[in-house]
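The values are calculated or read from the model by the stated rules, or taken from the named source; none is laboratory data. Here the structure is a predicted model, which means the values were calculated and not measured. Positions of Cβ are generated from backbone atoms using ideal geometry, with glycine treated the same way; all protein chains shown enter the neighbour counts.
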Amino acid sequence: MTQTVAAVAEHPPGATVGSEFTPLLRTVKGQGLLDRRHGWYALGITVNALALAAVAVGVVLIGHSWWVLLLAPLLALLCARTAFMGHDAGHSQITANRSVSRLIGLVHGNLLLGMSYSWWNEKHNRHHANPNHIDKDPDVAADVLVFTSEQASGRAGFRRWLTRNQAWLFFPLTLLEGIALKIHGFRDLRRQTPRERMVEGSLLVVHVAAYAALLLTSMSIGQALAFAALHQALFGLHLGLAFAPNHKGMEMPDPEGERWGHLRRQVLTSRNIRGGALTDWFLGGLNYQIEHHLFPSMPRPHLRLAQPLVRAHCRELGIPYTETGLVDSYREALRHMYEVGEPLRGE
């Protein structure tokens, strides 16, 4: 069940919007939780790179057998780790050096995953600035899925059918996310400057060529297609499982209503997921979504340490702090999508 601290979202008497976050920021800084963890990330990047190399060697060694398909789920898990590292680089969690962060992001995003680091970083930063804001957050813009009744009312044809059934289709649709990310990356090249386009485009092409060469030189065409389909589907599903619980079904700021400060904007629109070390690993630290949104540059291993401070601060201010189990988080997200599509099912 969902747990929230306090039950009101109004401003406490005498408090200003700007003042609510400052004491928490001061405490977090004082405990060194914004300090970089270079060793932790160096170890994580190295282990992940070695594991990816080991899977590639395994594909070469047993590619002649259908048993090679057993490596596809493992590769999907490792690609999700790779995506989490690229995510952290985009938020300057690994290093404060922007050039190094971009290099890490390009390697993990463009080269290893075939998705554009520049495209994702620009989109993700807009999401962080205004989470769940229907006019400003690209993650809740009307597309394949919709998130408000107003978005649903304008759907027609096949998109209308999708909206009516989006709660049931959500996880099946995530099976296509791995491919969709690659397509978005190539399409975004048109937006980029010539220099950026050359770098990003070259790395995307190298990824596609290396991936195809690895599979086609190690196994038959049929096996290669089956491996790629299984790998990309499970990779997309994993990302969907990691990102779906974070904001869907949470508060959506009224574009015409009161302007929230940073603390309320991030806390009221985000949901944390309870769990231990396995949850932290599987979700890449995104289970501490509230802390991550409040402090985007905070290194991943510090998020769990900041959680008690954030929870206590929200309790003191009377701001709901939402935390739920993993299964319940999916249930709440799907319920929201189901309710959005409900009016269309009655027609």
Residue in region 135-144 that is within 15 Å of the chain's Cα centre (by Cα) and outside any helix (DSSP H, G or I) present: yes
Residue check for G236: at pLDDT 95 or above and closer than 17 Å to T82 by Cβ: yes
Residue count, region 318-329 (criterion: crowded, with 19+ Cβ neighbours inside 10 Å and assigned to a helix (DSSP H, G or I)): 1
Failed item in (1) modelled with pLDDT of 95 or more; (2) in a loop (DSSP other than H, G, I, E, B), with W260 passing the rest: (1)
Members of region 296-312 found to be surrounded by fewer than 16 Cβ atoms within 10 Å (Cβ to Cβ) and among the polar types (S, T, N, Q), listed by number: S297
Conditions (1) modelled with pLDDT under 95; (2) within 21 Å of A129 (Cα to Cα); number of the one not met by L25: (1)
Cross-chain or 6+ apart pairs with Cβ under 7 Å, region 38-50 first and without any contact (Cβ under 8 Å) to a residue 40 or more places away in the chain, then among the hydrophobic types (A, V, I, L, M, F, W, C) and surrounded by 14 or more Cβ atoms within 10 Å (Cβ to Cβ): N48/L78; N48/M85
So M252, is it of a type in the set (A, V, I, L, M, F, W, C), buried (at least 22 other Cβ atoms within 10 Å of the Cβ), in a loop (DSSP other than H, G, I, E, B) and in contact (Cβ under 8 Å) with a residue 60 or more places away in the chain: no
Residue among L268, L283 that alone is in contact with a strand residue (DSSP E or B) (Cβ under 9 Å, 6 or more places away or on another chain), buried (at least 20 other Cβ atoms within 10 Å of the Cβ), aliphatic (A, V, I, L, M) and under 18 Å from A333 (Cα atoms): L283
Residue check for L239: in contact with a helix residue (DSSP H, G or I) (Cβ under 8 Å, 6 or more places away or on another chain) and assigned to a helix (DSSP H, G or I): yes
Residue list for region 255-265, restricted to those being charged (D, E, K, R) and either surrounded by 21 or more Cβ atoms within 10 Å (Cβ to Cβ) or over 18 Å from L317 (Cβ atoms) (or both): E256, R264, R265
Residue check, L78 modelled with pLDDT of 95 or more, within 22 Å of the chain's Cα centre (by Cα) and either under 15 Å from H302 (Cβ atoms) or among the basic types (K, R) (or both): no
Selection count, region 307-325, where residues are free of Cβ contacts under 8 Å to residues at least 12 places away in the same chain and not aliphatic (A, V, I, L, M): 2
Residue tally, condition among the hydrophobic types (A, V, I, L, M, F, W, C) and in contact with a Ser or Thr (Cβ under 8 Å, 6 or more places away or on another chain), over region 99-139: 4
